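Enquirer: Structure provided below as structure tokens; questions to follow.
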């Protein structure tokens, strides 16, 4: 027998949600086959079989939250698995075989006469009879639990569409609770005459009837969306967050891209985009204002002497921020290539936890969706985030007499006022503006 355990999923990740099982109970698997997909706060990952055999039971179901190291299923290995046909009606081995039928007297015994512990129950009387149909539809774990608790599988209600009985159904039935999926609980024997009957519970109020002319759809938030919501609220509640704005004349950058993009693409096999310019400008400004590249740790300020820049990417499952490592040591082509790789991995749900951890500053580009102006929220524990926006032609005063239409972009810096003063934040943003409007300076400053 081989246990299927939730694997280690990286730093600070202690639990996940079973997104889907790939293999059904009773199905044969080979070592290395994908058994299920787990959803975590940051990425999704696949759990593979560590040995070949038969998936005997799935202890946890889709949608369940599971902890690292928890056993969530079992694979039957060795000769027992080889003798199994792979179908639910095949030979199940000695451990899985249904218990022998109990005598009629045992079946009619009241629940109050049963011993209190499972072990004593097995010793006192044989387990109740299990009908062939009920036993065939019950999972191995459910059959074992039913034998231990003296429960007849045929009387256990279940919410499974095909009538399959799971351990939770048996446990709920044995404890006198409601069955899964809202099915009615079995009637319990009357209490002894010496005890007054318990008052009936008030029925739950039925939900108000929905207006058929105003349909709604309710969906559970994914684990990633829940985490995004939680962390964004925490950032606003724990940081003294302010936002300052400026605007950048993009004329010089557009001119460089127009003149150099074909040669750049031919030499490096990657497009010359805007993100490399902004990443280089941010690195140059961070070197001039180290507090924006820091973080708060208790009563200490941790100044980081490296520049790992997070690039916010919108994926189907929600916003993720993969990190470009050592951006100060990379050239324009290397930055563009790395951002392209990370964005592709994010949209195909192939990011590793190492791609998301340890950023020192974040850049987010709402301009790709047409945003003209916004106030980005901090990506804690970072204390600064730069927001890019849409490039739009606007009339700009060149001097006292001349006006020209120029490609302008609003930029926004959200920062934690606990360690960054307003003057420092404004100066940081001015530095970014100056570097972007003079692209040649990026080769020196960054």
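The values are calculated or read from the model by the stated rules, or taken from the named source; none is laboratory data. Bear in mind that the values here come from a model prediction, so they are computed numbers and not experimental data. Counting neighbours? That spans all protein chains shown, and the Cβs are built from the backbone with ideal geometry, glycine included.
Enquirer: Any chance you could count how many residues in region 332-378 are within 17 Å of the chain's Cα centre (by Cα), under 17 Å from residue 308 (Cα atoms) and part of a loop (DSSP other than H, G, I, E, B)?
Expert: Residues that pass the stated criteria total 4.
Enquirer: Could you say whether any residue in region 71-87 is within 22 Å of residue 167 (Cα to Cα), at pLDDT below 85 and surrounded by fewer than 18 Cβ atoms within 10 Å (Cβ to Cβ)?
Expert: Yes; the residues of region 71-87 include at least one that is within 22 Å of residue 167 (Cα to Cα), at pLDDT below 85 and surrounded by fewer than 18 Cβ atoms within 10 Å (Cβ to Cβ).
Enquirer: Hey, another quick one. Hey, could you check region 48-76 for residues that are over 18 Å from residue 15 (Cα atoms) and in a loop (DSSP other than H, G, I, E, B) and say which is farthest from the chain's Cα centre (by Cα)?
Expert: Among residues in region 48-76 that are over 18 Å from residue 15 (Cα atoms) and in a loop (DSSP other than H, G, I, E, B), the one farthest from the chain's Cα centre (by Cα) is 52.
Enquirer: Give the residues of region 285-311 that are surrounded by fewer than 17 Cβ atoms within 10 Å (Cβ to Cβ), out of contact with any helix residue (DSSP H, G or I) (no Cβ under 7 Å at 6 or more places or on another chain) and either outside the structural domain of residue 380 (by TED's automatic domain parsing) or outside any helix (DSSP H, G or I) (or both), sorted by residue number.
Expert: 296, 297, 298, 299, 300, 301, 302, 305, 306
Enquirer: Could you list, in sequence order, all residues of region 258-284 that are within 32 Å of the chain's Cα centre (by Cα) and not in a helix (DSSP H, G or I)?
Expert: Matches in region 258-284: 270, 271, 273, 274.
Enquirer: Have a look at 377, 419, 398, 391 and point out the one that is loosely packed, with under 14 Cβ neighbours inside 10 Å and in the same structural domain as residue 242 (by TED's automatic domain parsing).
Expert: The match here is 398.
Enquirer: Moving on. Report, by residue number, each residue of region 1-30 that is modelled with pLDDT of 80 or more and out of contact with any strand residue (DSSP E or B) (no Cβ under 8 Å at 6 or more places or on another chain).
Expert: 30, the sole residue that qualifies.
Enquirer: A follow-up question, please. Can you tell me which of (1) buried (at least 20 other Cβ atoms within 10 Å of the Cβ); (2) part of a strand (DSSP E or B) is the one residue 429 doesn't meet?
Expert: (2)
Enquirer: Mind listing whichever residues of region 312-321 are in contact with a strand residue (DSSP E or B) (Cβ under 6 Å, 6 or more places away or on another chain) and either part of a loop (DSSP other than H, G, I, E, B) or outside the structural domain of residue 336 (by TED's automatic domain parsing) (or both)?
Expert: Once the filter is applied, which keeps residues that are in contact with a strand residue (DSSP E or B) (Cβ under 6 Å, 6 or more places away or on another chain) and either part of a loop (DSSP other than H, G, I, E, B) or outside the structural domain of residue 336 (by TED's automatic domain parsing) (or both), region 312-321 yields 312, 321.
Enquirer: Just to check your reading of the model, which residue among 371, 276 is surrounded by fewer than 19 Cβ atoms within 10 Å (Cβ to Cβ) and in the same structural domain as residue 385 (by TED's automatic domain parsing)?
Expert: 371
Every residue, every condition in (1) closer than 27 Å to residue 75 by Cα; (2) assigned by TED's automatic domain parsing to the domain that holds residue 55; (3) modelled with pLDDT under 50, yes or no:
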{"residue": "137", "(1), (2), (3)": "yes, yes, no"}
{"residue": "142", "(1), (2), (3)": "yes, yes, no"}
{"residue": "151", "(1), (2), (3)": "yes, yes, no"}
{"residue": "197", "(1), (2), (3)": "no, no, no"}
{"residue": "206", "(1), (2), (3)": "no, no, yes"}
{"residue": "215", "(1), (2), (3)": "no, no, no"}
